[in-house]
Amino acid sequence: MKKSSLIFRIPKLYSLGIRLLYFGACVRLKNMVGKDKKVFEPACGYGRIKKYLDPSCTYSGIDLNENFVNYGRKNGLDLKVGDILKKENYQESDIIILSDILHHLSVENIKKLVSIASKFAKEKVVIIEPIFVDVASGKNVFSKFLAKFFSWVDYDGINKIEKWFSRKDYDILFEELKQKNNFSKMNIAFFNHHYFIESYL
Ligand SMILES: C[S@@+](CC[C@H](N)C(=O)[O-])C[C@H]1O[C@@H](n2cnc3c(N)ncnc32)[C@H](O)[C@@H]1O
């Protein structure tokens, strides 16, 4: 398999890049998740999301990037190496967070991931996705160039990014996920060019 891009090899570089992209938006997670919750994050990277949770919450995660998992473990986090598409790697939790992972997957695997997550989450599945990537979804030369550039920078060494979603694609996808997984309610919010979606069970 081709080597991942540099950001997925150097956790500190990933951290710097992601902080510039989110620009503080993740602070909202504290309210979305609440207190005393058991939180599980498939595709957790090195567990950067943990710092946005209330200290009363427990947090664990799985990821296939051993380098990231080891880095998070060294920082005291409960992370394991594991495939997010295998349900035996999941733990029943109050809240499951899927942060910055959907756009890495094929539509088929997105559906599989959210279906597994919705079976293991008791309260809700929180999805975070970048919106600004819609500039790479067009058919013009500039969009095609950006699509190639984003796919190169965001290559995690596991998934080849097949398509960049437009806002309309995301709207259709979220509605389909809501119907298929019987979410009772879906709150969709936008902060600093990212979707923050609370899908209630
Ligand atoms: C953009 S990072 C997001 C990391 C973290 N959720 C965050 O918000 O910082 C995507 C992560 O998904 C992981 N990943 C991709 N496919 C996976 C799979 N099938 N099983 C486990 N991890 C996977 C990659 O290793 C990478 O760490």
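The values are calculated or read from the model by the stated rules, or taken from the named source; none is laboratory data. Just so it is clear, the model here is predicted, and its values are computed rather than measured. Ideal geometry is used to build each Cβ from the backbone, glycine not excepted, and the neighbour counts take in all protein chains shown. For the accessible areas, the whole protein counts, side chains as well, though only heavy atoms, and no ligand, DNA or RNA atoms are used. Shrake-Rupley method; radii C 1.70, N 1.55, O 1.52, S 1.80 Å.
For Lys80, the amide hydrogen comes within under 5 Å of the amide hydrogens of Gly61, Ile62, Asp63, counting only partners 5 or more places away or on other chains and with H modelled in the peptide plane.
Within the same chain, aspartates and glutamates fewer than 8 places from Lys50 are excluded, and of the rest, those with a Cα less than 20 Å from its Cα are Asp36, Glu41, Asp63, Glu66, Asp78, Asp83, Glu92, Asp94, Asp100, Glu123, Glu129, Glu198.
Separation of the alpha carbons by more than 30 angstrom is noted, of Lys51/Lys144; Lys74/Lys168; Lys80/Lys112; Lys2/Lys87, for Lys51/Lys144; Lys74/Lys168. Largest to smallest in accessible area, the residues Lys160, Lys124, Lys51 fall in the order Lys160, Lys51, Lys124 (1.4 Å probe, all protein chains included). Put Lys38, Lys80, Lys3 in order of accessible area, highest first, and with a 1.4 Å probe you get Lys3, Lys80, Lys38. Candidate membrane-span-like segments in the chain, meaning DSSP H helices with Cα atoms spread over at least 15 Å of their own axis and a Kyte-Doolittle mean of -0.5 or above, are 11-22, 107-120, 141-153, with no membrane implied. A 1.4 Å probe run over the stretch 53-98, with the rest of the protein chains in place, finds 50 Å² accessible per residue. Placing unit charges on the Cβ atoms of the charged side chains and taking the dipole of the stretch 59-201 about its Cα centre, the candidate lying farthest along the positive direction among Ser137, Leu98, Phe191 is Ser137. The accessible surface of the chain, taken with every protein chain in place and a 1.4 Å probe, is 55 percent carbon and sulfur. Would you mind pulling out the separation of the Cα centroids of the stretch 30-65 and the stretch 141-189, in Å? That distance is 22 Å.
Full extension of the chain between Lys30 and Phe142 gives 36.6 nm of extra length, using 0.36 nm per residue less the Cα-Cα distance.
How big is D, in µm² s⁻¹, for the stretch 96-201 by Stokes-Einstein at 37 °C and 0.692 mPa s if Rh is the Kirkwood radius over C-alpha pairs?
Rounded to a whole number, D works out at 230 µm²/s.
Magnitude of the charge dipole for the chain, about its Cα centre and with charges confined to Cβ atoms of Lys, Arg (+1) and Asp, Glu (-1), is about 320 debye. Ranking Ser5, Leu85, Pro55 by Cα position along the charge dipole of the chain, where only Lys, Arg, Asp and Glu carry charges on their C-beta atoms, puts Ser5 farthest toward the positive end. Kirkwood radius and radius of gyration were both taken over the C-alpha atoms of the chain, and their ratio Rg/Rh is 0.93. Using bins of 10 Å that start at zero, the share of Cα-Cα pairs per bin across the stretch 88-129 amounts to 31, 57, 12, in whole %.
Legend: residues Glu108, Glu123, Glu92, Glu129, sorted from most to least accessible area (1.4 Å probe; ligands, DNA and RNA excluded), read Glu108, Glu92, Glu123, Glu129.
When the helices of the chain are scored as -39500 (n - 2.57) per DSSP H run of n ≥ 4 and the total is divided over every residue, the value at 222 nm lands at -10000 deg cm²/dmol.
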